[in-house]
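Remarks on the structure that follows.
The values are calculated or read from the model by the stated rules, or taken from the named source; none is laboratory data. Quantities reported herein were computed from a predicted structural model and do not represent experimental measurements. When we count neighbours, we look across all protein chains shown, and the Cβ atoms used for this are built from the backbone with ideal geometry, even at glycine.
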Amino acid sequence: MNKQKSVSPVIATILLIVVVVAITALVLNWGVDFVRRSTDTADDAIDFSCMGADIKITSCSFYPSLNEMFVILTNTGNLDFPERNKFYAVITDRDDNFLTTEVDFDTNSLSVGVSTTATIENLESFTNPTTLKINPSLCPNVQRSVTCREN
């Protein structure tokens, strides 16, 4: 008679549980490190200096006979735009005319709650309706768009 020794079912179950717990611990440890690296990368991609920044194009009038556009911009956020900030405009019309320009507003800085005006010139080939998009250089994701009315 051949007598072979084998592992009892209880010991086999305990060994299986130990192996599963060890593998689970390794996977969780890797997962925590992966999530931490991913969130650190995402935090680096967010520009926290622009949190709360917001603008509104209060008024936009297009004067085709003068080849000009008159714009009133208001700082509706809770962040001041300092003097070193520049505002850029992208102007398009229904004929696919396109212009990107720096806008010289009447004030060099734009404090919270303050409005400022500007006249954008040299719009000879533009027709109505004209769309205006404005964004500040310091916070380019704060972009606002409006369709200007003809006067």
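Yes or no, residue by residue, for (1) β-branched (Val, Ile, Thr); (2) in a loop (DSSP other than H, G, I, E, B); (3) in the same structural domain as residue 56 (by TED's automatic domain parsing):
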site	(1), (2), (3)
84	no, yes, yes
91	yes, no, yes
95	no, yes, yes
108	no, yes, yes
118	no, no, yes
122	no, yes, yes
125	no, yes, yes
132	no, no, yes
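Take the conditions under 21 Å from the mean Cα position of the chain (by Cα), more than 14 Å from residue 146 (Cβ to Cβ) and outside any loop (DSSP other than H, G, I, E, B) and apply them to residue 101. Does it pass? Step through it out loud before you land on a result.
Details: under 21 Å from the mean Cα position of the chain (by Cα): yes; more than 14 Å from residue 146 (Cβ to Cβ): yes; outside any loop (DSSP other than H, G, I, E, B): yes.
Considered against the rule, which asks whether it is under 21 Å from the mean Cα position of the chain (by Cα), more than 14 Å from residue 146 (Cβ to Cβ) and outside any loop (DSSP other than H, G, I, E, B), residue 101 comes out as yes.
Would you mind telling me which numbered condition in (1) closer than 19 Å to residue 126 by Cβ; (2) in a helix (DSSP H, G or I) residue 65 fails?
(2) is the only condition that residue 65 fails.
Go through the stretch 134-149 and give me each residue that's assigned to a loop (DSSP other than H, G, I, E, B), under 18 Å from residue 101 (Cβ atoms) and either polar (S, T, N, Q) or out of contact with any helix residue (DSSP H, G or I) (no Cβ under 8 Å at 6 or more places or on another chain) (or both).
137, 140, 143
Out of (1) within 19 Å of residue 143 (Cβ to Cβ); (2) surrounded by fewer than 16 Cβ atoms within 10 Å (Cβ to Cβ); (3) of a type in the set (A, V, I, L, M, F, W, C), what's the single condition that is false for residue 71?
Failing condition for residue 71: (2).
This table checks each residue for (1) touching a residue at least 12 places away in the same chain (Cβ under 8 Å); (2) surrounded by fewer than 16 Cβ atoms within 10 Å (Cβ to Cβ).
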position: 27; (1), (2): no, yes
position: 34; (1), (2): no, yes
position: 50; (1), (2): yes, no
position: 62; (1), (2): yes, no
position: 75; (1), (2): yes, no
position: 78; (1), (2): yes, yes
position: 83; (1), (2): yes, yes
position: 101; (1), (2): yes, yes
position: 105; (1), (2): yes, no
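Using the structure shown, decide if residue 99 is in contact with a Gly (Cβ under 8 Å, 6 or more places away or on another chain) and in the same structural domain as residue 66 (by TED's automatic domain parsing).
On the way: in contact with a Gly (Cβ under 8 Å, 6 or more places away or on another chain): no; in the same structural domain as residue 66 (by TED's automatic domain parsing): yes.
No: the conditions fail for residue 99.
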